[in-house]
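A short write-up of the structure that comes next.
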Amino acid sequence: MKKRIVILGGVAAGMSAAAKARRTDSDAIIEVYTSEEFISYGACGLPYFLSGVIPSYEKLIARTPPFFAQQNIQVFLNHKGLAINSQELTLQVLDHESNLEKKVSFDALVIATGARPIIPPLPGIKAANIFTLKTIPDALRIKDYIRRFQPRNAVIVGGGYIGLEVAEAFIQLGLKTTIIELAPQVAPNLDADLAQLIEQELLQHGVEVKTGHKVLAFEGEERVTRVITDQGPLPADLVLLAIGVTPNSEIAETAGIKLGPKQAILTDNQQRTNLPYIFAAGDCATVYHRLYQGPAYIPLGTTANKQGRVAGNNAAGGQLQFDGVLGTGIAKILNLEVARTGLSTREATQLNLNFNTTVIKSRTRAAYYPESTPITIKLLWQEENRRLIGGQIVGGPGSGKRIDVIATAISAGMSVDEFRQLDLAYAPPFAPVWDPLLIAANQAD
């Protein structure tokens, strides 16, 4: 009898699960139900579609339902999951187009419902010109609004990576842009000294930065005209909310599935939940953090794809494992590349670790070579064993992907002394004779 694998969610984790399940079991019945109208697209590219760097949203779509149909994977668009019955092994779904409900049976279920932007319950929050950016339709709505109403003053609430990337897009579109961040710095997942470099870059490009400001309300009739903060009003005719996301885990919780940090679905290293035959992956699920040594909520596209692959394999009868993450991330912010991995000083302090840090400034290439730009690197290591536990980088082109070397070293359990012995490549177009990473390690005495 053919195994029936049902997947709820159709973007990174969901379609990775479907594809891997098919490769694992060529005979299984595989069905994907998604509440969205698009599947298998690169949501991380949305800021660049917004700016026009990517000319059409179609370029963000990796695979379409007809492609998966050729793999004998049936995709149901605009279908919302309503309830899971773990005893009957059924999923109740609503077809938004027909407004009809149906019950789908499964032998294995992968929950890949993703996350949704946090929308604070503030006065005026439902105004027509307040947007979020998580899906292709979100981006299309923003582009349509800019085309129709030609706004001049954009306010971004939130100074994390999404907010900073969209700030660059708005600047490229000619909008006067202001970032409001409740924390005392932009990029709150970085240490303050490196975040300060990002703020300087924003200011040099005309972005107003309001850190330590709390949004109280949005003022206007049908559309916002002012954002009211605890330190005064700001003019706005376009508002983007970028204050984080929350996992779509309600359907799982109602079914009796245990939740973890940030109300994300708790999973093991095989993406299994506490209920048999039910897996979870992607932005709705927790992930094991190698340094926390426990579950964390770190919604990233890389993690979603890896978890989806493991969940799909195991739903089809396999035994793959995912050993976890370090929270490695990277972003382009105007002319800067920003990256981090492992623990920040705040996180290391919260874990009561005895640690030390070093910060160095160098160049991305040989100083005499054209396009050599400044780079700042920060390393964190434990005092007792000198083991690397974190790294942060801010610099010009050629800086960011150096974070992968630090992430690899942390994964390997290397000490800062072993790190400084790495045989890294050198040629003037790529690095100084002493790579900045090695300079940073040499300073860790």
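Computed from the coordinates by the stated procedures, all read-outs in this text should not be read as laboratory data. The shown structure was predicted, so the numbers you read here are calculated from the model rather than taken from an experiment. Counting neighbours? That spans all protein chains shown, and the Cβs are built from the backbone with ideal geometry, glycine included.
Annotation: amide H of residue 211 within the under-5 Å range of 181, sequence separation 5 or more or interchain, hydrogens built in the peptide plane.
Taking all C-alpha pairs of the range 119-241, those more than 25 Å from each other amount to 18 percent. The phi torsions of the range 94-111, fed into the Karplus equation with coefficients 6.51, -1.76 and 1.60 and a -60° offset, translate into couplings of 10, 7, 5, 6, 9, 6, 10, 9, 8, 9, 10, 8, 8, 9, 8, 10, 10, 8 Hz, rounded to whole numbers, with Gly and Pro shown as x.
For residue 68, neighbours were defined as the other residues whose beta-carbon sits under 12 Å from its Cβ, and their charges (Lys and Arg +1, Asp and Glu -1) total +1.
Cross-link list 20/59; 80/102; 262/378; 134/262; 143/176: which exceed 20 angstrom alpha carbon to alpha carbon? Correct reply: 20/59; 262/378. Under a 5 Å amide H cut-off, with hydrogens placed 1.01 Å from N, residue 240 pairs with 131, 155, 156, 157 among residues at least 5 apart or on other chains.
Computed over the chain with a Gaussian network model linking Cα atoms closer than 10 Å, the most mobile of 252, 139, 367 is 367.
What the phi angles of the range 265-271 give under the Karplus curve with 6.51, -1.76 and 1.60, with θ = phi - 60°, is a coupling list of 5, 6, 10, 9, 6, 10, 6 Hz, glycine and proline written as x.
Eigen-decomposition of the gyration tensor built on the alpha-carbon atoms of the chain gives equivalent ellipsoid semi-axes of 37, 30, 20 angstrom, largest listed first. Among 393, 54, 278, which one shows the biggest mean-square fluctuation in a GNM of the chain, springs joining Cα atoms closer than 10 Å? The residue that fluctuates most here is 54.
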